[in-house]
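The block underneath contains the structure these notes are about, expressed in structure tokens.
The values are calculated or read from the model by the stated rules, or taken from the named source; none is laboratory data. Treat the numbers as computed from the prediction; the structure is a model and nothing was measured. Cβ coordinates were reconstructed from backbone atoms using ideal geometry, including for glycine residues, and neighbour counts include every protein chain displayed. Calculation scope for accessible area: heavy atoms of the full protein, side chains included, ligands and nucleic acids excluded. Shrake-Rupley method; radii C 1.70, N 1.55, O 1.52, S 1.80 Å.
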Amino acid sequence: MSSQIYEATTSSHSKPIKPSDHYGVSLAISPAVAPPRGPGAWAMPPSIITHAAFKTIMAAQIQAFMLACPVSPTAGRAVRWDQLKVHIQDVARNYCSTFHAERLKQLRALRVRAGLARAAYLADPTSQAYTGSGLWAVAF
């Protein structure tokens, strides 16, 4: 029995199969217990995978991890794979957090520019001052 099935087995028993010299095995297998997904669960937005910067960072991080943590007799491939998955999740979370912060910063800057353009327009609707410095590009 593989270790994955063994961990999910809740009970088992064997009984002879007639007329044979083999035994039959009956297993009760439960589904894997996974934490419920809720507002606290993090999932990477699928669109992030298409970002060139994300691909570059991820490739560099995977290569750095493989050089820093080679497979050894004490830590086999499965252990290294589990460590790499955790590392990749950390890198993805960090990238998404930084990307989100940059987007918020850009949004705030656009709101300031829109406020300045609106104030200039309200001060003098006949003037073209509100179109200066690229402020006209902001939609209200």
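Return the sequence-ordered ³J(HN,Hα) values of segment 78-95 in whole Hz as given by the Karplus equation 6.51 cos²θ - 1.76 cosθ + 1.60 applied to θ = phi - 60°, using x for Gly and Pro.
Running phi through 6.51 cos²θ - 1.76 cosθ + 1.60 with θ = phi - 60° gives 5, 5, 5, 5, 4, 5, 5, 4, 5, 5, 4, 4, 5, 5, 5, 4, 4, 4 Hz.
Taking R0 as 35 Å, what's the FRET efficiency between ARG77 and PHE99 from their Cβ-Cβ distance, rounded to 0.05? Display every interim value, and only then the final one.
Working: r = 32 Å, r/R0 = 0.90.
Once rounded, the FRET efficiency stands at 0.65.
Please work out how much length the chain gains when fully extended from ARG113 to ILE49, using 0.36 nm per residue of separation minus the C-alpha to C-alpha distance, in nm with one decimal.
Numbers: separation 64, 0.36 × 64 = 23.04 nm, distance 3.09 nm.
Length difference between fully extended and current span is 20.0 nm.
Just to confirm, what accessible area per residue do you get for segment 49-116 at 1.4 Å probe, in whole Å²?
With all protein chains present, segment 49-116 gives 75 Å² per residue.
If you take every residue apart from ALA101 with its C-beta less than 14 Å away from the C-beta of ALA101, what net charge results, scoring Lys and Arg +1 and Asp and Glu -1? Please report the intermediate quantities before stating the final value.
On the way: positive: ARG93, ARG103, LYS105, ARG108; negative: GLU102.
Net charge in that neighbourhood comes out at +3.
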